[in-house]
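Peer 1: Before anything else, here's the structure in question.
The values are calculated or read from the model by the stated rules, or taken from the named source; none is laboratory data. This is a predicted model, so every value here is computed, not measured. Positions of Cβ are generated from backbone atoms using ideal geometry, with glycine treated the same way; all protein chains shown enter the neighbour counts.
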Amino acid sequence: MSTPEAPSKTEARAAATRWLEQYGDRLYRHALALVRDSAQAEDLVQDTLLAAFAAHASFRGEASEYTWLVRILRNRVTDLHRRTREVALSHLHPDADEEFLDRLFDERGHWRDAPPVWSSPEAGADQRDFWRILELCLGLLPERQVAAFRLLELEGADSDAVCKVLEVSASNLWVLMHRARARLMRCMTENGLGTTEGADG
Amino acid sequence: MAKLHLTCREATELLSRGLDQPLGRPERMALWLHLIICRGCSHFGRNLRVLRDRIVTGVRAGTVSSSAQMLSAAARARIGALFGNAHKPRDQ
């Protein structure tokens, strides 16, 4: 087999240093979407870069560097989930959120309290407020919902990739997203987002 | 075959999924019929759009990259050190 000459260690070091500089924050955000805990996310970035460093010679430039790094990161997360499977399945099951929906809808599936309409954002004045409330409410979502939401909405990941990382089917992903959005909407309304007209009741 | 009469619970599911992938014609039809008569779900749908739009705007404007979402300096230094960093001052 004709393997190209392995790049020197120095080259790999230089590459890893550059990845850290260029992609460190993006990788960290991606990791944070998946594990939530900042220390764990930092460890994931570290593991990813170490693995990439070790595999530097195998990077062939078929994908962009960042895509390649993200793939490594996701594999690490999948491993992590596999190792903590018992936990993952017991309280992170995507369907384990019926009780929230039951609070939202009655037994016939109708709103108990119809949501008020949010006013459309004027300019960018309250954008900071919006993010503060969004982050606050994201913090209250069940783990897999927040992972699905962050990856799809904030990281712009495509749904196939998210299904793979979270090990769910497409229909389960839509379930997760529905619950996430319903919870966010309730939470953000309660925290005063865009209800200048005031909710009735 | 999608049914024609939706509950609000089902309608909100379709509204949410419709943001991520195109809905089938029967689903769109059922949803449309439901939204005509249901204020709560219309609000929900509008709010979903507002949520999506504001996130898109925020991501574009970089508002989302608050310091909480960045790799801490300490972590950066620690990871950098693993690669025997080039920050070492050269002699002469």
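Peer 1: Going by the conditions given, is A:PHE53 farther than 23 Å from A:ASP158 by Cα and at pLDDT below 90? Break it down stepwise before answering.
Peer 2: Numbers: farther than 23 Å from A:ASP158 by Cα: yes; at pLDDT below 90: yes.
Here the answer is yes, as A:PHE53 does meet what is asked.
Peer 1: Can you tell me which residues in segment A:32-56 are aliphatic (A, V, I, L, M), within 18 Å of A:LYS9 (Cα to Cα) and surrounded by 14 or more Cβ atoms within 10 Å (Cβ to Cβ)? Spell out how you get there, then give the answer.
Peer 2: Kept after step one, since they are aliphatic (A, V, I, L, M), are these residues of segment A:32-56: A:32-35, A:39, A:41, A:44-45, A:49-52, A:54-55.
Okay, now just the ones that are also within 18 Å of A:LYS9 (Cα to Cα), so A:49-52, A:54-55.
Answer for segment A:32-56, where residues must be aliphatic (A, V, I, L, M), within 18 Å of A:LYS9 (Cα to Cα) and surrounded by 14 or more Cβ atoms within 10 Å (Cβ to Cβ): A:LEU49, A:LEU50, A:ALA51, A:ALA52.
Peer 1: Right, something else. May I ask you to verify whether A:ARG108 is out of contact with any helix residue (DSSP H, G or I) (no Cβ under 7 Å at 6 or more places or on another chain), within 14 Å of chain B (Cβ to nearest Cβ), at pLDDT 80 or above and not in a helix (DSSP H, G or I)? Don't jump to the end; show me each part of the working.
Peer 2: Details: out of contact with any helix residue (DSSP H, G or I) (no Cβ under 7 Å at 6 or more places or on another chain): yes; within 14 Å of chain B (Cβ to nearest Cβ): yes; at pLDDT 80 or above: yes; not in a helix (DSSP H, G or I): yes.
The answer is yes for A:ARG108.
Peer 1: So if I check each of B:ARG76, B:ARG46, B:ARG25, B:ARG39, which one is more than 7 Å from every other protein chain (Cβ to nearest Cβ), of a type in the set (D, E, K, R) and either farther than 30 Å from A:ASP43 by Cβ or in contact with a helix residue (DSSP H, G or I) (Cβ under 7 Å, 6 or more places away or on another chain) (or both)?
Peer 2: On the way: B:ARG76 fails: more than 7 Å from every other protein chain (Cβ to nearest Cβ); B:ARG46 fails: more than 7 Å from every other protein chain (Cβ to nearest Cβ); B:ARG39 fails: more than 7 Å from every other protein chain (Cβ to nearest Cβ).
Just one listed residue meets the conditions, B:ARG25.
Peer 1: If I filter segment B:53-64 down to residues being exposed (fewer than 14 other Cβ atoms within 10 Å of the Cβ) and among the charged types (D, E, K, R), which single residue comes out as farthest from the other protein chains (Cβ to nearest Cβ)?
Peer 2: Quick first cut of segment B:53-64, residues exposed (fewer than 14 other Cβ atoms within 10 Å of the Cβ) only: B:53, B:56, B:60-62.
Subset that is among the charged types (D, E, K, R): B:53, B:60.
Values: B:ASP53: 8, B:ARG60: 11 Å.
Per the stated criteria, the residue is B:ARG60.
Peer 1: Quick one: would you say B:LEU6 is crowded, with 17+ Cβ neighbours inside 10 Å, closer than 15 Å to A:PRO116 by Cβ and either more than 9 Å from chain A (Cβ to nearest Cβ) or not charged (D, E, K, R) (or both)? Explain how you work it out, then say what you get.
Peer 2: Numbers: crowded, with 17+ Cβ neighbours inside 10 Å: yes; closer than 15 Å to A:PRO116 by Cβ: no; either more than 9 Å from chain A (Cβ to nearest Cβ) or not charged (D, E, K, R) (or both): yes.
No; evaluated as a whole, the condition is false for this residue.
Peer 1: Which residues, taken from segment A:52-83, are of a type in the set (Lys, Arg) and not in a helix (DSSP H, G or I)?
Peer 2: Selection gives A:ARG60 alone.
Peer 1: Every residue in segment A:140-167 that is without any contact (Cβ under 8 Å) to a residue 12 or more places away in the chain and either part of a helix (DSSP H, G or I) or in contact with a Gly (Cβ under 6 Å, 6 or more places away or on another chain) (or both), please.
Peer 2: Listed by number, the residues that qualify are A:GLU153, A:ASP160, A:CYS163.
Peer 1: Still on this structure, please answer the following. For segment B:7-92, list the helices (runs of 4 or more DSSP H) that sit wholly inside it and hold at least 3 residues that are at pLDDT 85 or above and within 20 Å of A:GLN145 (Cβ to Cβ); which are they?
Peer 2: Details: elements: B:8-20, B:25-37, B:39-61, B:73-82.
Here the list reads B:8-20, B:39-61.
Peer 1: In addition: Checking the structure you have, find out if any residue of segment A:15-27 is assigned to a helix (DSSP H, G or I), modelled with pLDDT of 90 or more and loosely packed, with under 13 Cβ neighbours inside 10 Å.
Peer 2: yes
Peer 1: Filter segment A:112-158 down to the residues that are among the acidic types (Asp, Glu) and modelled with pLDDT under 85, then identify the one that is surrounded by the most Cβ atoms within 10 Å (Cβ to Cβ).
Peer 2: Within segment A:112-158, the subset among the acidic types (Asp, Glu) is A:113, A:122, A:126, A:129, A:135, A:143, A:153, A:155, A:158.
From what's left, modelled with pLDDT under 85: A:122, A:126, A:129, A:143, A:155.
Numbers: A:GLU122: 9, A:ASP126: 16, A:ASP129: 14, A:GLU143: 15, A:GLU155: 19.
My answer is A:GLU155.
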